[in-house]
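*Asks:* I have a structure I would like to understand better, so I am pasting it below and will then ask my questions one at a time.
The values are calculated or read from the model by the stated rules, or taken from the named source; none is laboratory data. Note that the structure is predicted; figures quoted are calculated from it, not measured. Quick reminder, even Gly has a Cβ in these numbers, built from the backbone with ideal geometry, and neighbours come from all protein chains shown.
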Amino acid sequence: MRRGDLRLNAPTGVGLGLRWAFLEDVLASARGRRAPIPVDFFEISPENYMRRGGYVPAALEEVAARWPVLTHGLTMSLGGLDPVGDAYLRELTSLLKELRPPFHSDHLCFGGHGGRLTHDLLPLPFIEEAVQNVVARTKQIRDRLGLPLAIENISYYFVPGAPDMTEAAFLRAVLDEGDLGLLLDVNNVFVNAQNFGFDARALIDSLPLERVVQIHVAGHEHKPEHGRIIDTHGADAKDDVLELLEHVVARVGPVPVVLERDHNIPELDVLVGEIERVRRAYDRGIARRAA
């Protein structure tokens, strides 16, 4: 798989993760009843739209008629041991056929065991057995969906077991052996680097950046009671994270960049200001690459 294969029909520029908190404002903009929203596309989590009727699919259809839509899953548990549910894959495949994204993404993690979901993104051990498990599962899922797959690096607060390799080597092995795209979350890299004491930019530069098909940006918060910074998606993106975004875009060129906001979501007009901060960093990266 060449990165260009995944990016062939993908939007570029800066998009926003679509959330219920401002869906009505988005629909009003689509209908011309409020000012245009300065986003190039939206990203959705299919789990929020699958197995629903009435208003929810109708709203998504209206958004998709106005903007490109990318899909980013939450519950596939790519590193788990339980089989991915047949009903889940059926529903997901149906939605993807309607939206026609260039690829589908999910997290490099596990999310449950024994038929029980944790509703969290849990880290995998950096070992060869985990690489082979993810590679085998992603090949099966990709065949079932009929669509290329990309994986997202997650934030984590512990590493289970004794590692066989570094995080960068683990990511590279999964990407190359699984022939996958990389959804690079620069905030997750920054959070992990701060919490575990490594250089965020050095880790990014050691990854196969030719496989980057999308970038995520979000905010984090310092939690002194935990002695950690936490990837909350509940604050504005920090300048250090936007500097990482600029650095990656300068290396990889124009890709879709998504601003994620899941908690403490401000009014859409306020969020637009945050989108513009992300766009300025993106444009600086594009200018550096051109130079």
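*Asks:* Scan (1) crowded, with 19+ Cβ neighbours inside 10 Å; (2) in contact with a His (Cβ under 7 Å, 6 or more places away or on another chain) for the single condition residue 150 breaks and write down its number.
*Replies:* Here residue 150 clears every test but (2).
Residues are listed down the side, and each one gets a yes or a no for (1) touching a Ser or Thr at 6+ places or on another chain (Cβ under 8 Å); (2) free of Cβ contacts under 8 Å to residues at least 40 places away in the same chain; (3) of a type in the set (A, V, I, L, M):
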{"position": "34", "(1), (2), (3)": "no, yes, no"}
{"position": "40", "(1), (2), (3)": "yes, no, no"}
{"position": "54", "(1), (2), (3)": "no, yes, no"}
{"position": "59", "(1), (2), (3)": "no, yes, yes"}
{"position": "71", "(1), (2), (3)": "yes, yes, no"}
{"position": "75", "(1), (2), (3)": "no, no, no"}
{"position": "82", "(1), (2), (3)": "no, yes, no"}
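*Asks:* Working only within segment 165-192, note down all residues that are aliphatic (A, V, I, L, M) and under 18 Å from the mean Cα position of the chain (by Cα).
*Replies:* 168, 171, 174, 175, 180, 182, 183, 184, 186, 189, 191
*Asks:* Next question, about the same structure. For segment 254-269, name all the residues that are surrounded by fewer than 22 Cβ atoms within 10 Å (Cβ to Cβ) and either farther than 14 Å from residue 45 by Cα or among the β-branched types (Val, Ile, Thr) (or both).
*Replies:* Matches in segment 254-269: 254, 263, 264, 265, 266, 267, 268, 269.
*Asks:* Moving to a separate point now. Select from segment 4-19 the residues that are closer than 22 Å to residue 174 by Cα and surrounded by fewer than 19 Cβ atoms within 10 Å (Cβ to Cβ) and write down the one among them that is modelled with the highest pLDDT.
*Replies:* 5
*Asks:* What do you reckon, is residue 198 of a type in the set (Phe, Trp, Tyr), over 16 Å from residue 248 (Cβ atoms) and either surrounded by fewer than 18 Cβ atoms within 10 Å (Cβ to Cβ) or in contact (Cβ under 8 Å) with a residue 12 or more places away in the chain (or both)? Steps first, answer last, please.
*Replies:* Details: of a type in the set (Phe, Trp, Tyr): yes; over 16 Å from residue 248 (Cβ atoms): yes; either surrounded by fewer than 18 Cβ atoms within 10 Å (Cβ to Cβ) or in contact (Cβ under 8 Å) with a residue 12 or more places away in the chain (or both): yes.
Answer is yes for this residue.
*Asks:* Can you name the number of the only condition in (1) modelled with pLDDT of 95 or more; (2) of a type in the set (Ser, Thr, Tyr); (3) over 30 Å from residue 170 (Cα atoms) that residue 71 fails?
*Replies:* (3)
*Asks:* Is it true that residue 230 is touching a strand residue (DSSP E or B) at 6+ places or on another chain (Cβ under 9 Å) and surrounded by fewer than 21 Cβ atoms within 10 Å (Cβ to Cβ)?
*Replies:* yes
*Asks:* Hey, another quick one. Does residue 52 fit the bill of being at pLDDT below 95, within 30 Å of residue 138 (Cα to Cα) and crowded, with 18+ Cβ neighbours inside 10 Å?
*Replies:* no
*Asks:* If I filter segment 163-221 down to residues being of a type in the set (D, E, K, R) and outside any helix (DSSP H, G or I), which single residue comes out as nearest to residue 271 (Cα to Cα)? Spell out how you get there, then give the answer.
*Replies:* Here is the first cut: in segment 163-221, the ones of a type in the set (D, E, K, R) are 164, 167, 172, 176-177, 179, 185, 199, 201, 205, 210-211, 221.
Add one more test, that the residue is outside any helix (DSSP H, G or I), and what stays is 164, 179, 185, 199, 221.
Working: 164: 42, 179: 35, 185: 19, 199: 29, 221: 17 Å.
In this case the residue turns out to be 221.
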